[in-house]
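Peer 1: Okay, here's the structure, questions in a sec.
Bear in mind that the values in this text are calculations on the coordinates, not laboratory data. The model shown is predicted, which means the values in this text are computed figures rather than measured ones. Here Cβ is always computed from backbone atoms with ideal geometry, including for glycine, and neighbour counts include all displayed protein chains.
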Amino acid sequence: MSEQTVFNQTRAHLMEVAEDQTSNASNNPTFGDIINKRLDRRHALKGVFAVAALSSTTSILGSVLGASDAIAIGAKASFNFKEISHGVDEKHHVAEGYNADILMRWGDALFKDSPAFDPTGQNRASQEKQFGYNNDFIGFIPLKDQADHGLLCVNHEYTNEELMFPGLGRQDRTMFANTTKEIVDVEMAAHGGTVVEVRKSDGKWIPVISSKYNRRITATTEMMLSGPAAGSNLVKTSADPNGTKVFGTFNNCAGGITPWGTYLMAEENFNGYFWNKEAAQSHQNADMLKRYGIPGQWYNWGAHYDRFDIAKEPNEVHRFGWIVEVDPMDPTSIPKKRTALGRFKHEGAETIVNKDGRVAVYSGDDERGDYLYKFVTRDKLDRNNRQSNMDLLDEGTLYVARFNADASLDWLPLTFGNGPLIAANGFENQAEVLIFARKASDFLGATKMDRPEDVQPNAKTGKVYVCLTNNKHRGSKHPVDAANPREKNPFGHIVEITPADNDHASLTATWDILVQGGNPAKPEHGAVFNKATSKNGWFGSPDNAAVDGLGRLWIATDQGKNWPKTGTADGIWALETEGERRGTGKMFFRVPIGAEMCGPCFNPDDTAFFLAVQHPASDGAKAFPGFDRNSTFEDPATRWPDFNPNLPPRPSVVVVTKKDSGIIGS
Ligand code: FEO
Ligand code: CA
Ligand code: CA
Ligand code: CA
């Protein structure tokens with residue numbers, strides 16, 4: 001990217017562009033190639049009945065070919081709420097009959113001695129005691145088995161200095177001339193995660209500020225490297241000659257809650273925090289730094305802290321890009337980076353207990369042309385002994401997905417010695433296979449995907465939903481055909497995986513496309529939804545997903561700068577997955593201008609739906625009618641959620657409840 005290009009991007013867009021710029025130069029097939037091959041095969045089978053016979057379920061691809069055009073209308077919906085409308089404005093919107101209350105805002109107190117939020121005078125000490133910036137993943141861990149009382153675990157993915165600090169503007173445009181060490185310290189303290197006790201009191205959800213569980217995790221929190229890559233020569237630094245102790249986590253996008261009640265934080269675009277292009281080019285693993293997009297130079301951290309300068313600390317880059325496990329029940333516990341789950345740009349880490357008692361963790365590598373992974377533990381979950389599960393994620397097998405044209409899928413083990421994963425190809429041991437998981441997957445022939453975001457298993461059905469957010473280069477680098485007609489794929493799609501024999505440890509599965517994003521009324525979008533979908537029920541760029549206690553799927557979107565193409569802000573859509581209405585969307589919630597929808601999370605009885613509104617006023621604000629400029633602290637496109645002229649916009653967690661206290665979507 002040229003510097004001029006950088007000048008014109010919002011921070012979120014810069015990240016999206018990075019995810020879009022494939023670093024995957026392998027000859028592995030793309031997912032588009034496979035969809036095309038599969039549809040070609042279906043076309044070859046003559047007629048609707050042949051198509052229907054190919055799949056035991058009602059396939060959305062079947063409906064493309066005319067198999068199920070009319071049958072959906074009238075079938076019973078599993079969601080019951082009055083849909084909201086597409087649109088864009090300064091506020092959030094929720095379906096009629098629901099409350100959407102602000103629960104936690106950037107800068108809100110977490111401790112009795114937290115300083116009051118002062119947007120003109122933030123410092124490291126104050127920010128470390130306050131809710132962080134850009135809330136993303138949300139997890140809920142009940143306390144004493146109560147549905148209306150628990151711990152909220154929230155990731156803080158990144159910071160927008162132009163919206164956080166007065167008089168600064170976007171600093172990478174000026175080579176960080178005004179980003180002082182004090183500002184960097186606030187940024188580092190605003191990253192990471194929060195654990196906060198929440199409860200329902202007099203019908204309203206509130207944070208419990210005096211809770212002993214409340215905790216901030218930041219870019220400087222002490223952590224351990226754990227599992228096969230701990231102690232490897234590739235993770236040793238001058239501050240940590242044993243390669244086992246790391247400071248901090250950052251760019252924590254989505255994550256997961258394990259069946260034993262720990263909090264998984266996914267490290268996504270870690271490359272953006274490192275400095276020094278010359279040093280990267282002469283690094284002993286220069287090809288791998290390039291494969292991971294290092295250095296991004298999006299922040300000024302390297303100017304003030306040597307470990308972010310590749311010349312001064314060449315191995316620090318290998319200590320990020322992992323899944324971090326936190327025990328929220330013990331606020332003094334040391335988080336562990338679970339290296340057995342591989343190193344890549346983890347979007348999230350969602351778990352499911354397999355029928356044999358082992359645990360599978362699904363995770364996407366969010367970059368155009370990168371891969372889908374799962375990890376299966378060696379040992380079984382013990383539901384009667386929490387402590388015995390605490391290191392389950394250190395032993396097991398990591399797999400990468402190969403999607404085949406016949407609708408089957410193979411999980412390929414990233415195990416040292418397996419096929420090409422040998423010394424002749426640059427892998428000396430299992431640690432190197434995991435540290436360079438992208439390279440190992442290139443050698444195994446994994447399928448290049450259109451930016452895998454959240455990968456959400458459904459414990460009720462055993463199916464797994466893969467959100468693929470977009471791929472604007474499809475068509476230029478990978479030719480389209482009649483069966484996959486979008487010249488570009490700005491609107492993404494959702495793939496459904498059905499494990500063989502409902503076994504998440506199986507080496508095989510089958511797959512299908514649930515929906516293709518975009519407006520079905522515009523043929524040029526190439527969108528595919530069930531015909532029962534209303535004019536507000538379609539969406540673009542699926543990103544995060546949640547499954548409620550009834551096994552119903554809810555999708556959060558992140559269109560980035562593409563929202564003018566759909567004409568609507570991001571939000572939450574309910575999405576049917578079963579029966580005749582399979583592939584029917586319904587709009588439930590909408591974010592304010594410039595925000596992205598993250599973190600959908602239900603409490604255990606589905607009466608509360610926690611949503612994360614990330615970077616309000618940022619994405620695409622220039623296209624907002626009547627605004628048409630980049631947002632800054634002084635002049636943002638919205639001052640959501642406070643609408644106070646003295647306060648900037650603030651990323652916040654919203655809690656949605658039904659006015660009659662019933663189940664969400666009932
Ligand atoms: Fe942090 Fe893939 O979005
Ligand atoms: Ca996101
Ligand atoms: Ca999820
Ligand atoms: Ca995204």
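Peer 1: Please report the Cα spread of the stretch 158-235 along all three principal axes, rounded to whole Å, starting with the longest.
Peer 2: Principal-axis extents of the stretch 158-235 (Cα, largest first): 50, 44, 16 Å.
Peer 1: Which parts of the stretch 602-619 would a label at K522 reach, counting a residue when its backbone N lies under 16 Å from a point 7 Å out along Cα-to-Cβ?
Peer 2: Once the point is set 7 Å along Cα→Cβ of K522, nothing inside the stretch 602-619 turns out to lie under 16 Å by backbone N.
Peer 1: Let me ask something else about it. Could you calculate the contour length gain from K531 to E578, that is, 0.36 nm times the residue separation minus the distance between their Cα atoms, to one decimal place in nm?
Peer 2: Additional length available on full extension: 15.5 nm.
Peer 1: Would you give the gap between the C-alpha center of the stretch 217-249 and the C-alpha center of the stretch 293-350, rounded to a whole Å?
Peer 2: 9 Å
Peer 1: Still on this model: Evaluate E = 1/(1 + (r/R0)^6) for F111 and K76, where r is the Cβ-Cβ distance and R0 equals 60 Å; express this FRET efficiency to the nearest 0.05.
Peer 2: Efficiency at R0 = 60 Å is approximately 0.80.
Peer 1: Here's a follow-up. Rounded to the nearest 20 debye, what is the charge dipole size of the chain about its Cα centre when +1 sits on each Lys and Arg Cβ and -1 on each Asp and Glu Cβ?
Peer 2: 920 debye
Peer 1: What's the exposure ranking of S23, S238, going from fewest to most Cβ atoms within 10 Å?
Peer 2: In order of increasing Cβ crowding within 10 Å: S238, S23.
Peer 1: Rounded to the nearest 500, what is the 222 nm mean residue ellipticity of the chain from helices alone, with -39500 (n - 2.57) per DSSP H run of 4+ residues and division by all residues?
Peer 2: -3500 deg cm²/dmol
Peer 1: While we're looking at this one, here's another question. Quick one: grab Rg to one decimal and Dmax as a whole number for the chain, Cα atoms only, in Å.
Peer 2: Cα only, the chain: 23.2, 71 Å (Rg, Dmax).
Peer 1: Mind jotting down the distance between the C-alpha centroids of the stretch 572-617 and the stretch 367-381, whole Å?
Peer 2: When both Cα centres are located, 25 Å separates them.
Peer 1: Can you put W322, W563 in order of Cβ neighbours within 10 angstrom, beginning with the fewest?
Peer 2: W563, W322
Peer 1: Relative to the present Cα-Cα distance, how much length would full extension add between S388 and A423 at 0.36 nm per residue of separation?
Peer 2: 9.1 nm
Peer 1: Also: With a ≥ b ≥ c taken as the square roots of the eigenvalues of the C-alpha gyration tensor of the stretch 395-440, please select rounded if a/c is under 1.5 and otherwise prolate if a/b is larger than b/c or oblate if it is not?
Peer 2: prolate
Peer 1: Given Cβ point charges of +1 (Lys, Arg) and -1 (Asp, Glu) and nothing else, what value in debye, to the nearest 20, does the dipole of the stretch 608-657 about its Cα centre take?
Peer 2: Computed charge dipole of the stretch 608-657: roughly 60 debye.
Peer 1: So what is the relative contact order for the stretch 560-653, in percent, with contacts set as C-alpha pairs under 8 Å and at least six apart?
Peer 2: After rounding, I find 22 percent.
Peer 1: Among G107, N155, G169, whose Cα sits farthest toward the positive end of the charge dipole of the stretch 97-182 (+1 at Cβ of Lys/Arg, -1 at Cβ of Asp/Glu, about the Cα centre)?
Peer 2: G169
Peer 1: Still on this model: Under a crude label model (7 Å from the Cα following the beta-carbon direction), how far is D605 from N233 in nanometres?
Peer 2: For the pair D605/N233, the computed spacing is 5.9 nm.
Peer 1: Sort M104, M188, M329, M223 so the one with the fewest other Cβ atoms within 10 Å of its own Cβ comes first.
Peer 2: M329, M223, M188, M104
Peer 1: Relative contact order, percent, of the chain when contacts are C-alpha pairs under 8 Å separated by at least 6 residues?
Peer 2: Contact order relative to length: 17 percent.
Peer 1: Could you work out the relative contact order of the stretch 186-332? I mean the mean sequence separation of Cα pairs under 8 Å and 6+ apart, divided by the number of residues, in percent.
Peer 2: Value for the stretch 186-332: 22 percent.
Peer 1: Shifting gears a bit: Just tell me which aspartates and glutamates come within less than 14 Å, Cα to Cα, of K236; anything on the same chain fewer than 8 places away is out.
Peer 2: E313, E316, E432
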